[in-house]
Amino acid sequence: MASPDTCQTLEKLEIKRHRVLPILVELISPEIARAYREEQPEDEDEMTDNGSGEDLGLVHRGVVCVRNLFANLYAKEDRKTMSLEADSRGLVRALVQTIKSNTGGTENGAVLKAAAED
């Protein structure tokens, strides 16, 4: 997801349907995604909980996707809009939790480095 065109398409999809950031939050922190879903009104299109815990491979992929998405937002207004969306969708909390929970070991270095870049 490093292509600028792909990132712009995902940005438009998030603004229109509000589906991209919740999926990225689910990859990074299923607990925060679950808490966010519980706070929202029921939606027939809503994602279902897969019941899985944290998987470092998925966390890393999610963090890298977030980094690439935001790195390819060139317009200041786009970055501001997506930053507000990210905060309201729990993405900021998920990234902070990832940094806090992955500081103990070197095996999580790739996740930690990617999360810190965001």
- Message: Condition (residue is modelled with pLDDT of 90 or more, basic (Lys, Arg) and touching a Pro at 6+ places or on another chain (Cβ under 9 Å)) applied to the range 88-100: is it met by at least one residue?
- Response: yes
- Message: Which count do you get for residues in the range 7-30 that are open to solvent by 60 Å² or more (accessible area, probe 1.4 Å) and either touching an Asp or Glu at 6+ places or on another chain (Cβ under 6 Å) or in contact (Cβ under 8 Å) with a residue 40 or more places away in the chain (or both)?
- Response: 3
- Query: Taking the range 76-97, which residues are farther than 17 Å from Leu27 by Cβ and of a type in the set (Lys, Arg)?
  - Reply: Lys76, Arg79, Lys80
- Count of residues meeting criterion [crowded, with 22+ Cβ neighbours inside 10 Å and within 15 Å of Ala2 (Cβ to Cβ)] in the range 57-96: 4
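The values are calculated or read from the model by the stated rules, or taken from the named source; none is laboratory data. Given the structure is predicted, the values throughout are model-derived calculations rather than measurements. Backbone-built Cβ (ideal geometry, glycine too); neighbour counts: all protein chains shown. Accessible surface is based on the protein model in full, side chains and every heavy atom, while ligands, DNA and RNA are left aside. Shrake-Rupley method; radii C 1.70, N 1.55, O 1.52, S 1.80 Å.
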